[in-house]
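We did not get these values from a lab; they are worked out from the coordinates using the rules stated. A quick note: this is a predicted structure, and the numbers were derived from the prediction, not measured. Cβ placement follows ideal geometry from the backbone for every residue including glycine, while neighbour counts extend to all protein chains displayed.
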Amino acid sequence: TTSGSNAGLSRGLWSSRFAFILAATGSAVGLGNIWKFPYVTGENGGGAFVLVYLLCIAVIGVPIMMAEVFIGRNGRHNPITSMRLVAERNLKSPVWRISAVIGMIAAFAILSFYSVIGGWAASYVGHAAMGDFTGGTAESIGDLFGGLLASPVQLLAWHTVFMALVILVVSQGLKGGLERAVTVLMPALFLLLLVAVGYATTTGHFGEAVSFLFTPDFSKLTIEGVLIALGHAFFTLSLGMAIMMAYGSYLGNDVPVGRTMVFVALMDTAVALLAGLAIFPVVFANGLEPSAGPGLIFQTLPLAFGNMPMGDLFGTLFFVLLLFAAWTSGISLLEPVVEWAEENTNMSRTGSAIVVGMLCWLLGIASILSLNVWSDVTPLGMFAAFEGKTIFDLLDYFTANFLLPLSGLLTAIFVGWFVAKESLKADLNLHGATFALWLNLLRYVTPIAVVIVFVYNLLG
Ligand code: PHE
Ligand code: NA
């Protein structure tokens, strides 16, 4: 068959559109929403930044997400094979699969350090539950975080726990693993988030947080802020990592991709905004700095929780929420490479998950050591642009600023310019003005925006 429509159906499909939505939302909702979004918003002046970010999601994020799902569903294989098949069906060179290769390398590299940070979340569940934050001072809580980062043994233990959780789910396959996990974790995550927001309303500083997040002050918006918003739109929707290709490969042909991905993007955005509404009231109530940066969640918040009524309980719930969010994202990072290994080696799904997961775990050790023993090791330090960057920093930097945009750009160009329009229309079930809008965003707006960010980042 050339349409690819029914090929590979035997490999299993999500049992419903809803299951796919949960899984895609599970991938999208992660540390990016709960940890990064609040602090970059804080650093970039609040409301105006949020507005630009929403625009980036709508005009760049959603169209690329649709393109990735199209490739996966049309190819019905792992991302690399799917990309090759789609290219061949359109009489184009199979070399386009390079965009999936880049995406999968990025997914693998990101998971190696994402798991380390996921491990922090796991360890903080323990700290919060044991009451370690109770009555804490900025110093005691700083010491707690510093102690974790300084200890390779602790970091390794929690990294191992996190990676094991991810491998466990992915090894069980689509229905018994991924689907089962997200069906439990995602509703729990939403519930916990609502509880956290509810708790935030009791701090007496809720209004302040609302106006911080939603009152645009364009004087605080810089060009750099706009670029950060665009980069974050990519990261938060899990684009450029072949994830949506892998998840799309299990999506039924009757599911309308456009509406579905718009919904996923809305859910992801809703979680980011709700996370802001949960975190900033606590920040303001304690006279803390909203622009505290990456430490906001692991230092600022525990300090607040340690000194508030029922703070131990809500602190524990908060870190469980963070752990669940990171877990479902970790699963999605492992899936593309495991899907590939399963289809291209003689390993089973379980074997693939264990082998790929263990390799990723090994690479993660480099990030762990970067935080302590190897904190002075800067492999590219001879170049001014990479001065002082540890292995952890470099993995983060190259994936976020180089591999993701490159993979996303190639995908947008390939789907926008080289796939037959009839095939896109039929597969995505888009017509008339909606199709034209999507295609034009993908053909012009996305590549131009990505190239601008790319060049800007390269120039440092
Ligand atoms: N989208 C996730 C987030 O916002 C991050 C992520 C990136 C997840 C890559 C999976 C893959 O945190
Ligand atoms: Na996200």
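A full extension of the chain between PHE214 and GLU387 corresponds to an added length of 58.6 nm, given 0.36 nm per residue minus the alpha carbon distance. I need the calculated FRET efficiency for the pair PHE18 and VAL95, taking r as the beta carbon distance and R₀ as 35 Å, to the nearest 0.05. FRET efficiency, PHE18 to VAL95: 0.45.
Take the Cα of ALA433, step 7 Å toward its Cβ, do the same at VAL373, and the gap between the two points is 6.2 nm. Tell me the mean residue ellipticity at 222 nm calculated for the chain from its helices only (DSSP H runs of n ≥ 4, each -39500 (n - 2.57), averaged over every residue, nearest 500). Mean residue ellipticity at 222 nm (helix-derived): -22000 deg cm²/dmol.
How would segment 14-458 be classified by its alpha-carbon gyration tensor: rounded, prolate or oblate, with rounded meaning a/c under 1.5 and the a/b versus b/c comparison settling the rest? Prolate, since a/c reaches 1.5 and a/b exceeds b/c.
For the pair LEU313 and ALA420, the difference between a 0.36 nm per residue extended length and the Cα-Cα distance amounts to 33.0 nm.
Under the membrane-span-like helix rule (DSSP H runs whose alpha carbons stretch at least 30 Å along the helix axis, mean Kyte-Doolittle hydropathy -1.0 or higher), the chain yields 98-129, 180-201, 257-285, 311-344, 349-370. The relative contact order of segment 14-458, computed from alpha carbon pairs under 8 Å that lie at least 6 residues apart in sequence, is 35 percent.
Put a plus charge on the Cβ of each Lys and Arg, a minus charge on the Cβ of each Asp and Glu, and nothing anywhere else: the dipole of segment 14-458 about its Cα centre is then about 1400 debye.
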